[in-house]
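Report on the structure given below.
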Amino acid sequence: MSPGHIFFASDFHLGVPDHDQSLIREKKIVSWLETIQNQAEEIFLMGDVFDFWFEYKTVVPKGYVRLLGKLAELTDKGIPVHIFRGNHDVWAFDYLAREVGATLHRDPVTRVFNGKKFFLAHGDGLGPGDNGYKFLKKVFEMRLNQFLFSWLHPDLGTRMGLYFSKKSRIANVARENKPENQLVVENEMLYHFSLSTLRDHPDISYLIFGHRHVPVDTALNDISRMIILGDWVTHFTYACFDGEQLELKHFKG
């Protein structure tokens with residue numbers, strides 16, 4: 001590969017199902033970053049980097065030093081790193097920007113690379129339906145609720161977050177090491193959201209999401225494609241745009 005490639009990955013869910021398995025995954029992610037760093041123009045991590053993350057004013061969750069150090073090294077070299085807040089790391093505030101040098105995104109982003117328009121988002125809460133989750137997301141994003149949680153002692157707050165993380169569906173997937181079932185694309189909310197978005201913005205070439213954990217690359221019309229990045233729990237997939245084409249790839253490590 002020649003310099004100038006754009007990379008996209010999502011859903012690392014570091015922290016589950018336990019420290020040892022998470023550390024193996026973290027080392028694999030760092031290895032992937034090392035293989036792409038000489039070709040990367042920009043790197044987009046599209047959400048749920050951590051399975052639980054809350055930033056107190058003076059405290060952040062323990063661990064992940066290999067990944068955070070590698071991301072800081074990349075930004076120190078002048079490679080922009082973008083991190084989207086997912087539904088599991090919705091309480092990421094400014095630490096990753098100040099200490100790692102990453103650009104944090106809370107909303108979908110539209111970018112143009114080599115004349116091709118990209119729509120980028122984690123993917124949670126987009127599309128029709130799922131009103132229960134959308135309400136819950138608003139509750140988590142309320143400043144008052146974030147303020148109240150911050151008054152819990154960090155040991156208690158973090159223990160609570162990790163406890164519920166380890167009971168989650170993705171924790172069970174990681175524990176059993178069984179990839180999730182393939183998606184019926186036409187039934188996916190992100191598919192319908194993508195079609196709706198294209199009606200208003202027909203010049204978009206790629207709509208790229210995380211969140212759904214199963215890698216998908218599907219044509220929406222003659223010029224537009226929807227990419228779901230998969231995850232780094234069982235799939236270890238990512239996307240690379242070389243300036244002409246975007247390809248969904250698997251990292252064997």
> Quick check, is Gly78 surrounded by fewer than 16 Cβ atoms within 10 Å (Cβ to Cβ), free of Cβ contacts under 8 Å to residues at least 40 places away in the same chain and not in a helix (DSSP H, G or I)?
Replying inline: yes
>> Conditions first: (1) closer than 19 Å to Val185 by Cβ; (2) without any contact (Cβ under 8 Å) to a residue 12 or more places away in the chain. Thr237 passes all but one, so which condition is the exception?
In response: (2)
> Residues Lys70, Lys62, Lys117: which one is more than 18 Å from the chain's Cα centre (by Cα) and either in a strand (DSSP E or B) or modelled with pLDDT of 95 or more (or both)?
Replying inline: Lys117
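Name the single residue that is modelled with the highest pLDDT among those in region 1-38 being among the small types (Gly, Ala, Ser) and assigned to a loop (DSSP other than H, G, I, E, B).
Here the answer is Ser10.
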> Does Val81 satisfy being aliphatic (A, V, I, L, M) and either modelled with pLDDT of 95 or more or under 24 Å from Ala121 (Cα atoms) (or both)?
Replying inline: yes
>> For a quick check of your reading of the model, give me the residue pairs whose first member lies in region 1-28 and is under 16 Å from Phe50 (Cα atoms) and among the acidic types (Asp, Glu), whose second is at pLDDT 90 or above and part of a strand (DSSP E or B), with beta-carbon atoms closer than 8 Å and at least 6 apart or on different chains.
In response: Asp11/Leu229; Glu26/Leu14
> Restricting the first residue to region 32-54 and requiring it to be under 10 Å from Ala9 (Cα atoms), which pairs with a second residue that is among the charged types (D, E, K, R) and surrounded by fewer than 15 Cβ atoms within 10 Å (Cβ to Cβ) meet a Cβ separation below 8 Å and a spacing of at least six or different chains?
Replying inline: none
>> Could you list, ordered by first residue, the pairs with Cβ atoms under 9 Å in which the first is in region 107-129 and on the phi < 0 side of the Ramachandran plot and of a type in the set (Lys, Arg) and the second is assigned to a loop (DSSP other than H, G, I, E, B) and at pLDDT 90 or above, at least 6 apart or interchain?
In response: Lys116/Gly243; Lys116/Glu244; Lys117/His201; Lys117/Asp203
> Taking region 225-245 only, how many residues are surrounded by fewer than 21 Cβ atoms within 10 Å (Cβ to Cβ), more than 18 Å from Val49 (Cβ to Cβ) and either in contact with a strand residue (DSSP E or B) (Cβ under 7 Å, 6 or more places away or on another chain) or basic (Lys, Arg) (or both)?
Replying inline: 3
> Which residues, taken from region 89-112, are surrounded by fewer than 18 Cβ atoms within 10 Å (Cβ to Cβ) and part of a strand (DSSP E or B)?
Replying inline: Thr103, Leu104, Val109, Thr110, Arg111, Val112
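Every residue, every condition in (1) modelled with pLDDT under 95; (2) of a type outside the set (Asp, Glu); (3) in contact with a helix residue (DSSP H, G or I) (Cβ under 8 Å, 6 or more places away or on another chain), yes or no:
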residue	(1), (2), (3)
Leu162	yes, yes, no
Leu220	no, yes, yes
Leu246	no, yes, no
Lys249	no, yes, no
Lys252	yes, yes, no
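The values are calculated or read from the model by the stated rules, or taken from the named source; none is laboratory data. Computed from a prediction, not measured in an experiment: that's the story for all the values here. In this analysis, Cβ positions are derived from the backbone assuming ideal geometry, glycine residues included, and neighbour counts consider all displayed protein chains.
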